[in-house]
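J.: Provided herewith is a single structure, encoded as structure tokens, for subsequent inquiry.
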Amino acid sequence: MNLQGDDVAIQFTMEVPVPKPKLTLVSMSGLRVGHEELLQRGLKLPGLARRASALSQLPPLGLLTIAALVPETWDIELVLDDGVTRESEVAERILSGTSSSNLPRVVAFSALTPSADRAARISRLVQRPNVTTVIGGLHATAAPEHCRPHFDVVVQGDGESTFANLLADVIQGSTVASYRADGSFSLADSPLPRWDLLGEHSPPRYTIQSMRGCPWACSFCAASRMLGPARVKPDERFEAELQAISRQQSRPWIELADDNTFASDRDHGPMLESLRRHGARWFTESDWRIATQPKLLQQISESGCRQILIGLESSVFRYPGMGAKNADWERMLEAVVAIQEAGIVVNGCLIVGADGETRASIARLGDFLEEAPMGEIQLTLQTPFPGTSLYKSLSQSRRLLPGDFSRYTLFDVVYQPDQMTAEQLQNEFNDLVERVFRPEAQARRDSIQKKIRSFRRTARNQV
């Protein structure tokens, strides 16, 4: 623009801002059940549907943590896939975006095994010459060969260690097909998750990770093999994350995103005191041994713990191959009672279908669960996820059934059992689920939970 005067000409140059490159993070969420009959039955079972709803609403902690490490030179957008919306519509949303008009430079997916094939199909829909698609998470770490044909880049291991380097390589045009973390990421360096990316919709429950990995070596679990050595988050980092969540939601509901919260030998006192001080109500997974530590159990209860998922699968019928855990069944049941007498609901997790399982043993399990003391039950089928010793052994013995990973849901039979046909096991499991979660049975467990809540209120009023 020229402004002409008698003696002067002034030149103005208007600079057009260069848009930031955009990173779109895609979380593959939603409960997946492949077997149509079980899906239809499950929709009629309030207890099962209630837990499924809670799980589907958990925010994607891994992606929000990765987002906190992304340089400010990038725009970030979060897309939550519900597993139901048409894949073409999800792809259209990824490409159109809501925060800016430019195409994403990077589209990064986080997917567990049952959603990996859906992520692959969406990836193919959004791939463009200047759009790099990336996948990370447990499945990508365990089965990179399955992911490589469908994504430009596969990230293995802790994404916190590699993602910033990947983005720098994208800008420089020097990306490689695979990025692998060199060693384990220290949780002392864990940043505050980008809760702001959730927008105005505050989730009903928030997630914090207090530790990563598990010291046990269960054959059906990938955590101890894929996540590196068990390690804990320092108390000050845990407190900082809890403070950030408390600013979003007073007296927050917290799910600890741990594999086995109390398996480590750390002093859990400071973490539990943080939860108590913030008035948190919280849920986690651990093992029955916490009942053998009365002081710890009291601290857990007083800190606001409402429910603990306890794995009971290792000793129910003393099957081979269920891992290094060893305990007699009676002691485990005594532990369940002790935990609930402390005012904490036990969610008993049982796995059906290990070698040695018969139709009679499943019937006995149903009989037991009719009278079991647990306030909540979680039933799943043994599932040989990639990266586990169970997957390796079933693959070597040619017992894996044909089909893609979308059926690795924890509710669908994907291998040949040793005592019955796959169809028989699926039918027996479906019948067991309907028996255990029918309204009358759920009402009994709801009554147990009500008594525990009443005890908790009474104990609190006496303090």
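FYI, it's all coordinate maths here, none of it is from the lab. Model, not experiment: these values are computed from the prediction. Heads up, the Cβs are rebuilt from the backbone with ideal geometry, glycines too, and the neighbour counts pull from every protein chain shown.
J.: DSSP beta bridges in segment 205-462, what fraction antiparallel, as a percent rounded to 5?
T.: 10
J.: Can you list residues whose amide H is under 5 Å from residue 285's amide H, if they're 5+ apart or on another chain and H is modeled 1.01 Å from N?
T.: 258, 261, 309
J.: Testing the spin-label approximation: label points 7 Å from Cα along Cα→Cβ at residue 87 and residue 423. State their distance in nm.
T.: It works out to 2.8 nm between the two label points.
J.: Moving on to the next point. If packing is taken as the mean number of other Cβ atoms within 10 Å per residue, what is the order of 374-387, 157-170, highest first?
T.: In descending order of packing, they fall as 374-387, 157-170.
J.: Simple spin-label model, 7 Å along Cα-to-Cβ: residue 457 to residue 96 in nm?
T.: 4.8
J.: Take the eigenvalues of the Cα gyration tensor for segment 53-181, scale each by 5, and report the square roots as semi-axes in whole Å, largest first.
T.: 20, 18, 16
J.: Let me ask something additional. For the ranges 107-113, 75-81, what's the packing order if you count other beta-carbon atoms within 10 Å of each residue, average per peptide, and put the highest first?
T.: Averaged packing, sorted descending, gives the order 107-113, 75-81.
J.: Compute the semi-axes of the equivalent ellipsoid of segment 341-461, taking the square root of 5 times each eigenvalue of the Cα gyration tensor, and list them largest first in whole Å.
T.: So the three semi-axes of segment 341-461 are 34, 16, 11 Å.
J.: Also, quick follow-up: Expressed in whole Å with the largest first, what are the equivalent ellipsoid semi-axes of segment 399-446 derived from the C-alpha gyration tensor as the square root of 5 times each eigenvalue? Spell out each step's value before the answer.
T.: Details: eigenvalues 145, 33, 9 Å².
Equivalent ellipsoid of segment 399-446: 27, 13, 7 Å, largest first.
J.: Hey, what do the phi angles of segment 363-378 turn into as Karplus ³J(HN,Hα) couplings, whole Hz, using 6.51/-1.76/1.60 and θ = phi - 60°, x for Gly and Pro?
T.: 5, 5, 4, x, 4, 4, 5, 4, 10, 4, x, 5, x, 8, 10, 10
J.: Going by amide H atoms built from the backbone, whose H comes under 5 Å of the H on residue 376, apart from near neighbours?
T.: 346, 348
J.: Related question: Can you pull out the trypsin sites (Lys or Arg not before Pro) in segment 358-463 whose DSSP state is coil and whose Cβ has at most 12 other Cβ atoms within 10 Å? Don't jump to the answer; show the numbers that get you there.
T.: On the way: sites: 359, 364, 392, 398, 399, 407, 435, 444, 445, 450, 451, 453, 456, 457, 460; in loops: 398, 399.
Passing both the DSSP loop test and the Cβ count: 398.
J.: Quick one: which residues, 5+ away or cross-chain, put their amide H under 5 Å from the amide H of residue 26? H built at 1.01 Å from N.
T.: When sequence neighbours closer than 5 places are left aside, the close amide H contacts are 79, 108, 109, 110.
J.: Output ³J(HN,Hα) for segment 61-74: one whole-Hz value per residue in order, computed from phi by the Karplus curve 6.51 cos²θ - 1.76 cosθ + 1.60 with θ = phi - 60°, and x for Gly and Pro.
T.: Result, ordered by residue: 4, x, 5, 5, 6, 4, 4, 5, 9, 7, x, 5, 6, 10 Hz.
J.: Follow-up. Between residue 189 and residue 281, what's the calculated FRET efficiency when r is the beta-carbon distance and R0 is 25 Å? Round to 0.05.
T.: Values: r = 28 Å, r/R0 = 1.14.
Result of the calculation: an efficiency of 0.30.
J.: A further question follows. Could the peptides 347-356, 272-281, 301-310 be put in order, highest first, of the mean number of other beta-carbon atoms found within 10 Å of their residues?
T.: 301-310, 347-356, 272-281
J.: Between residue 298 and residue 169, what is the FRET efficiency for a Förster distance of 60 Å, r being their Cβ-Cβ separation, to the nearest 0.05?
T.: Efficiency for this residue pair is about 0.75.
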